[in-house]
1. Take the range A:68-115 and flag every residue that is of a type in the set (S, T, N, Q) and free of Cβ contacts under 8 Å to residues at least 12 places away in the same chain.
2. Looking only at the range A:77-114, count every residue that is of a type in the set (Gly, Ala, Ser), crowded, with 24+ Cβ neighbours inside 10 Å and over 13 Å from A:GLY219 (Cβ atoms) and tell me the total.
3. Please find, within the range A:251-266, the residue that is surrounded by the most Cβ atoms within 10 Å (Cβ to Cβ) out of those that are assigned to a helix (DSSP H, G or I) and more than 13 Å from chain B (Cβ to nearest Cβ).
4. Within the range B:8-19, restricting attention to residues that are exposed (fewer than 15 other Cβ atoms within 10 Å of the Cβ) and of a type in the set (A, V, I, L, M, F, W, C), which residue is farthest from B:ARG297 (Cα to Cα)?
5. Report, by residue number, each residue of the range A:110-134 that is part of a helix (DSSP H, G or I) and either aliphatic (A, V, I, L, M) or more than 9 Å from chain B (Cβ to nearest Cβ) (or both).
6. If you take just the helices (runs of 4 or more DSSP H) that sit entirely in the range A:1-106, which of them hold at least 1 residues that are of a type in the set (Asp, Glu)?
7. For the range A:196-208, how many residues meet the condition of being of a type in the set (A, V, I, L, M, F, W, C) and either at pLDDT 95 or above or not in a helix (DSSP H, G or I) (or both)?
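The values are calculated or read from the model by the stated rules, or taken from the named source; none is laboratory data. It should be emphasised that the depicted structure is a prediction, and the values quoted were computed from it without experimental measurement. Note that each Cβ is placed from the backbone with ideal geometry, even for glycine, and that neighbours are counted across all protein chains shown.
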Amino acid sequence: MIVVDFVVYLFTVLPDLLPIILGLATPLALGALCGVINERAGVVNIGIEGIMLWSAFNGYLAGFALHDTIGAGPSLALGIATAVLTGAVLGLLHAWLTVTVRADQIIAGTMMNIAAFGITGYLNRLIITPSGRGGAGVLGVLHLPPEVIGLPAVGPIIRMFFEQGPIAMSVVFFVIAIQLLLFRSRWGLRTRAVGEHPKAADTLGIDVFKQRYLNVVLGCAFAGLAGAYLTLESTGSFQNGMTGGRGFIALAAMIFGRWTPVGAFLGALMFGTATALGVVVNIRVPEGDLGQILKSIPTFWYAALPYLVTIVILAGVVGRSIPPAADGVPYEKEGRA
Amino acid sequence: MRQRIARRLSAAWRTASIPVLSTALALVVAGVVVIASSAFTGNGFQPLLPVGAYLQLFVGAFGSTTAIGNTLVAAAPLMLGGLAVGLGFKAGLFNIGVAGQFLAGAFAAAVVGASLATSTGIVAVPTAFVAGALAGAALGFIPGFLKARTGAHEVVTTIMLNNAIGFLLTWGVTDLVRAPGFSFPRTGDLGNSALPILLGRNLHIGVPIAFLAIFVIRWLLERTTVGFQIRTVGANPNAARYAGMSPLLVITFTMALSGLLAGMAGAVQMLGVIGFYASGISANVGFDSIAVALLGRSNPIGILFAALLFGAFRAGAPLMQITTSVPVEVIDIIEALVILFLAAELIVRRVFRIRAARAVPEEIATVTRTWGEQVAR
């Protein structure tokens with residue numbers, strides 16, 4: 001009975017829920033893409049959180065500095081480019097540490113998280129806070145004509161995917177593209193070979209080091225885009241530590257999606273829905289017993305849910321998720337005299 | 001006699017050289033960051049700013065008895081947290097969950113401490129302290145058990161627990177144990193549960209407890225069968241199994257003990273410094289502990305010195321920010337650089353032209369396993 005009520009309630013609030021889910025899922029999905037592209041090639045990256053934060057800051061700083069000279073539009077575009085570039089450069093550092101130096105990958109990621117928190121906090125206090133100026137502006141949302149929004153049934157779904165800013169809208173495209181590339185292209189085959197059995201890949205003439213470098217840099221560029229979303233599309237400002245664990249939920253979404261782009265995207269959507277529901281339940285309280293039950297679930301539980309779900313999945317209680325075989329193992333060419 | 005001292009010194013330098021030089025290099029590079037960033041401030045380009053800033057940092061950490069007290073007080077949770085991470089390293093485990101276990105310990109100590117606020121200190125203090133330690137141990141046990149039982153990698157489970165526990169404790173302090181009479185959700189005053197002050201203004205009993213823990217863990221690792229098992233599992237779990245040990249049992253036990261130490265760190269900080277639990281209390285200790293353990297090479301004595309160093313940084317930073325307006329976050333930058341140089345030793349070796357040392361078994365044991373390799377059952 002309660003379950004039926006809950007489903008009915010979900011359908012009634014769906015028009016409110018759908019348009020905000022994609023936005024909430026965007027940084028998670030982009031971060032998870034970073035994780036998938038990295039780990040499919042055998043490089044563990046727990047520094048996604050830090051890369052996201054640092055890129056968010058640099059993108060914001062560029063938009064903020066150029067806003068008054070070149071206008072809102074170009075400064076935002078350059079802000080996004082700066083954020084993506086920051087992600088790629090940090091990816092290069094991670095690749096150098098994990099592939100060339102063969103440093104411990106977890107330690108390298110931890111270093112990235114601490115460094116990003118430190119440098120952004122430092123520069124924020126030094127440059128942005130004292131300037132007292134306004135922000136870099138935000139990327140606008142595409143406004144659809146009312147006839148389209150008003151369409152029965154499909155209206156909210158169209159709003160979910162198209163009444164969004166450019167970064168959120170691009171996520172679906174990137175997810176599908178990477179999914180196809182990963183399983184249907186030469187790059188994807190090489191990536192998976194390097195992540196599952198680097199020695200075999202090396203024997204067949206694939207440059208393991210080059211492939212891993214390429215994947216880490218490319219993946220981290222997506223983490224940079226996630227950062228740009230946070231400062232330039234979602235909020236229009238920068239706060240210390242504003243990623244607030246999203247880089248770690250992205251890891252969770254990746255594991256939930258079993259290291260596939262589409263799966264990770266669905267995971268991100270699910271976690272986005274959990275967050276959205278936690279908000280909506282308090283605004284539009286359902287009637288009867290269901291309302292009592294849903295309201296009695298504290299918002300914090302919705303927030304903690306993605307992490308707990310991930311632990312359950314990892315422990316194999318429901319559908320075990322298994323990483324690529326050579327994930328996290330540095331590759332060393334042997335027999336070089 | 002003289003030769004023996006010389007030999008001992010050179011052996012000590014061999015182990016300590018990379019950490020010491022990494023720290024020195026980190027301070028230099030952070031200094032360059034400070035100089036470069038000074039160009040963007042109202043005061044203009046100041047090439048000598050790092051000298052003044054580091055001087056103030058030193059004065060803030062050691063300039064008076066109160067300052068030294070602050071340093072020791074800041075170092076105490078870092079010693080315990082550093083031991084927690086280092087102990088994990090010895091068994092080949094990476095406990096990133098110290099931040100969460102620290103919060104759990106702080107929360108439990110705050111709740112139990114507040115409920116015993118009017119009891120006598122001799123009862124209240126140990127009870128609250130033990131409650132914190134046990135909460136940390138419980139939270140450390142979960143990833144250890146999951147790893148041993150299902151192979152779920154402790155790095156991922158502890159990261160997830162870190163984030164989840166933050167929300168769950170905020171819920172706890174908002175809905176379950178909120179003390180009446182305050183404008184925001186927090187636990188009640190500690191009263192008699194606060195750690196007694198031993199010396200000066202702030203040197204509480206947690207400091208000697210942390211020192212004691214250093215030597216207890218050192219004894220445990222080097223003089224007991226359990227310690228031998230932990231180190232063997234860390235060096236080679238398969239060899240440990242053939243020798244009749246149970247790697248799964250050792251892993252679970254080590255994670256729980258690691259969580260216990262992290263919980264103690266939380267309890268010390270809560271009962272000795274913070275005083276009440278509220279959402280958003282700093283879990284900085286969790287990440288500082290990783291740096292401390294790496295810098296101390298997972299060796300308890302090394303951790304002692306590393307914790308004192310970072311304790312000094314944390315204690316001295318506010319004065320530096322006030323007098324030279326170099327933001328306190330420079331400490332995080334230094335910390336990240338230290339980890340960077342330790343992770344990529346070859347940078348340090350290139351800069352200081354040190355030959356690669358022969359691999360010492362002690363150092364091999366600190367290498368963690370990532371999720372590609374799993375412990376065979």
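1. A:THR69
2. Of the residues in the range A:77-114, 3 are of a type in the set (Gly, Ala, Ser), crowded, with 24+ Cβ neighbours inside 10 Å and over 13 Å from A:GLY219 (Cβ atoms).
3. A:ALA264
4. B:LEU9
5. A:MET111, A:MET112, A:ILE114, A:ALA115, A:ALA116, A:ILE119, A:LEU123, A:LEU126, A:ILE127, A:ILE128, A:THR129, A:SER131
6. A:2-40, A:48-70
7. Residues flagged as of a type in the set (A, V, I, L, M, F, W, C) and either at pLDDT 95 or above or not in a helix (DSSP H, G or I) (or both) within the range A:196-208 amount to 2.
One line per residue, one yes/no per condition, for (1) surrounded by fewer than 24 Cβ atoms within 10 Å (Cβ to Cβ); (2) touching a residue at least 40 places away in the same chain (Cβ under 8 Å); (3) in contact with a Cys (Cβ under 6 Å, 6 or more places away or on another chain):
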position: A:SER234; (1), (2), (3): yes, yes, no
position: A:GLY244; (1), (2), (3): yes, no, no
position: A:ILE249; (1), (2), (3): no, yes, no
position: A:MET270; (1), (2), (3): yes, no, no
